[in-house]
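Read-outs: derived from the displayed coordinates by stated rules, not from any lab. In this text, all values refer to a predicted model and were calculated from it rather than measured experimentally. Cβ placement follows ideal geometry from the backbone for every residue including glycine, while neighbour counts extend to all protein chains displayed.
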């Protein structure tokens, strides 16, 4: 497993909302569809995507399930900066 350099800052909590939006759009679902898949309120998803709050672990698991990802994969993609709109899909050149 690749190690992340501790001297290079990781993503901020604000990045999670953008990450979630890009993952959702990558599987071509709207907020309503993802809300149904995750069994979450659409307003919760909207607030997450807008960076208004950070999800707890149960919500993260629901999101991963709704997106068709394992939770560790969703975390790994976020941590490494993949799938964020301002960085494209290949920010991590350290690998």
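Taking the average, over residues, of other Cβ atoms within 10 Å as the packing measure, peptides 55-65, 25-35 rank 55-65, 25-35 from highest down. Extent of segment 13-79 along its three principal axes (Cα atoms, max minus min coordinate, largest first): 26, 24, 22 Å.
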